[in-house]
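Presented below is the structure to which this report refers.
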Ligand SMILES: NC(=O)c1ccc[n+]([C@@H]2O[C@H](COP(=O)([O-])OP(=O)(O)OC[C@H]3O[C@@H](n4cnc5c(N)ncnc54)[C@H](O)[C@@H]3O)[C@@H](O)[C@H]2O)c1
Ligand SMILES: OCCc1c[nH]c2ccccc12
């Protein structure tokens, strides 16, 4: 199994920092329901494998309870800290963000994270709740504990409320994004305000939301580029300047996904996936929080 030959592209954020456009997630397949102190050795091994293959962007969250594994794998990898891009998120301890970041850093065995995100806006009863939380995030960035700060699962109304009092514009919004959930108004808002987009669940259209209207075209592209639909899906994000965050416990799959760095879709192909994807709506995460028909 080869290491990546073609480097993963990076995206420049509005604060001047750069984020690798392919990330390895420690949620979904990995997050733990039980005892956080019980180390998931399989996960540590998988993160080490990902790092070895060239995944230097690692996505965590306090709620996944996998920060200890992430910290261990980073330590064991021997890769210099400054080469890695580590994200974590706050939601459980949103009421005390200053303590939450310190607790996360301790579990990660790190002095700083590259990106700290508010995991979701659903804690907020009012706009002031969103604004207060964001001011705390700005304080985290000022203290140097996070190089960049951003949000996740925010809709335009949450961003609008946040921006009313923000001193720092969120660097990124991490959202569920794939052909069957494209959020046109939200992406337009991001563009207007210089907020980058990161996609979680980028494989959904070819995995859990399949079958669907993109299938036949995906097959044609698989043939043309000699890659799998997963890599087409990741490239479809990257070609739209969207950071893709995937995961797998299988080394072969992780290795294959890296092929998304070796080709580019044409503008027509990007548009065709877009148009075919618009014919179906699918949301896989936070389904009890978002309005079922909300496509913003
Ligand atoms: N901010 C958030 O609220 C939020 C929500 C969900 C996920 N995330 C982050 O994003 C990461 C990636 O999310 P994801 O797992 O939904 O991404 P994804 O769409 O890339 O799916 C990856 C999953 O699909 C499976 N898969 C791959 N190929 C498959 C195939 N051919 N058939 C069936 N299954 C296949 C993989 O084994 C893996 O479990 C998470 O680990 C987490 O870090 C964040
Ligand atoms: O970000 C992953 C999705 C998610 C939503 N709520 C959770 C609770 C525990 C673990 C993951 C999640």
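Throughout, read-outs are computed from the coordinates displayed, never taken from laboratory work. Small disclaimer: the values here were computed from a predicted structure and weren't measured. Cβ sites come from the backbone with ideal geometry, for glycine too, and all protein chains shown count toward neighbours.
Mind checking which residues of the stretch 137-162 are outside any loop (DSSP other than H, G, I, E, B) and more than 17 Å from residue 122 (Cα to Cα)?
138, 139, 140, 141, 142, 146, 147, 148, 149
Only one entry in 124, 135, 166, 171 is within 16 Å of ligand 1 (Cβ to nearest atom), in contact with a helix residue (DSSP H, G or I) (Cβ under 8 Å, 6 or more places away or on another chain), in contact (Cβ under 8 Å) with a residue 12 or more places away in the chain and on the phi < 0 side of the Ramachandran plot, namely 124.
The residue list 42, 38, 32 contains one member that is more than 11 Å from ligand 2 (Cβ to nearest atom) and assigned to a loop (DSSP other than H, G, I, E, B), which is 38. For the stretch 181-204, does any single residue satisfy the condition of being over 15 Å from the mean Cα position of the chain (by Cα), more than 16 Å from ligand 2 (Cβ to nearest atom) and surrounded by 24 or more Cβ atoms within 10 Å (Cβ to Cβ)? No; the residues of the stretch 181-204 include none that is over 15 Å from the mean Cα position of the chain (by Cα), more than 16 Å from ligand 2 (Cβ to nearest atom) and surrounded by 24 or more Cβ atoms within 10 Å (Cβ to Cβ).
Within the stretch 223-241, restricting attention to residues that are under 17 Å from the mean Cα position of the chain (by Cα) and outside any helix (DSSP H, G or I), the residue that is surrounded by the fewest Cβ atoms within 10 Å (Cβ to Cβ) is 241.
Evaluated against (1) part of a strand (DSSP E or B); (2) more than 16 Å from ligand 2 (Cβ to nearest atom), residue 174 falls short on exactly one condition, (2). I'd like to verify a number: residues in the stretch 104-123 that are within 16 Å of residue 66 (Cβ to Cβ), in a helix (DSSP H, G or I) and either within 16 Å of ligand 2 (Cβ to nearest atom) or under 20 Å from the mean Cα position of the chain (by Cα) (or both), how many? Total meeting the criteria: 4. The set of residues in the stretch 39-72 that are away from ligand 1 (no atom under 12 Å from the Cβ), without any contact (Cβ under 8 Å) to a residue 40 or more places away in the chain and under 21 Å from residue 147 (Cβ atoms) comprises 51, 71. Being in contact (Cβ under 8 Å) with a residue 40 or more places away in the chain, surrounded by fewer than 18 Cβ atoms within 10 Å (Cβ to Cβ) and within 13 Å of ligand 1 (Cβ to nearest atom) is the filter here, so list the residues in the stretch 242-281 that pass it. Answer for the stretch 242-281, where residues must be in contact (Cβ under 8 Å) with a residue 40 or more places away in the chain, surrounded by fewer than 18 Cβ atoms within 10 Å (Cβ to Cβ) and within 13 Å of ligand 1 (Cβ to nearest atom): 249, 251, 252.
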